Amino acid sequence: MKLTKIHHIAVICSDYERSKDFYINILGLKVISEVYRKERNSYKLDLGIGSHCQIELFSFPDVPERPSYPEAAGLRHLAFSVQDLVSSADSLKSHGVSVEPIRVDPVTHKRFTFFADPDGLPIELYEDE
């Protein structure tokens, strides 16, 4: 077996409209498709990141909260590459998103920061030159 790329990342949200707005209008992801699955009382929204990866945003009734931040077993955080970390962080702040101070990775010496989606899922911006 040879894995070639990440195809998608699935995220379950507690408030579909709020998360949909966040991922589309604040993060700027592109809508690929949106489906309401009546039998599951659930939406599935496919969002494009660049030309090779997607986020699947799901809504389900009565979802449990994330167990802890961010060191719960399982997915720790999502990380997105950006070319200009400062302007990206400023853009988030202009939408009222709380952004942590910019730090420098001690191994790669690249800058990064964290913020959270509407459900508290930690998201990292990593400056990619």
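Neighbour counting of Cβ atoms within 10 Å sorts the residues T113, T108, fewest neighbours leading, into T108, T113.
Note the per residue figure in Å³ for the convex hull of the C-alpha positions in the chain. If you can, show how the numbers build up before the last one.
Values: hull volume 19.3 nm³, N = 129.
Taking only Cα atoms, the chain has a hull volume of 149 Å³ per residue.
Taking other Cβ within 10 Å of each residue's Cβ, how do K44, K93, K2 sort, fewest first? Ordered by Cβ neighbours within 10 Å, fewest first: K2, K93, K44.
What does the helix-only formula give at 222 nm for the chain: each DSSP H stretch with n ≥ 4 adding -39500 (n - 2.57), the total divided by the residues, and the result rounded to the nearest 500 deg cm²/dmol? Mind dumping the intermediate values first?
Working: 2 runs with 16 residues, N = 129.
Calculated at 222 nm, the ellipticity per residue is -3500 deg cm²/dmol.
Compute and list, largest first, the equivalent-ellipsoid semi-axes of region 66-129 from the alpha carbon gyration tensor, each √(5λ) rounded to a whole angstrom.
Working: eigenvalues 79, 51, 15 Å².
They are 20, 16, 9 Å, listed from largest to smallest.
State the antiparallel share, in %, of DSSP beta bridges confined to region 1-110, rounding to the nearest 5.
70
Taking the C-alpha atoms only, the angle from helix 85-94 to the longest principal axis of the chain is near 50 degrees. Of all lysines in the structure, the ones whose alpha carbon falls short of 26 Å from that of K110, not counting any fewer than 8 places away in one chain, are K5, K93. The largest-to-smallest principal axis extents of the Cα set in region 1-64 are 37, 30, 21 Å. The aspartates and glutamates whose alpha-carbon is closer than 17 Å to the alpha-carbon of K30, local same-chain residues fewer than 8 away aside, are E17, D21, D46, E56, D117.
Read-outs: derived from the displayed coordinates by stated rules, not from any lab. Every value quoted in this text rests on a predicted model; they were computed, and no experiment measured them. We place every Cβ from the backbone using ideal geometry, glycine too, and count neighbours over all the protein chains shown.
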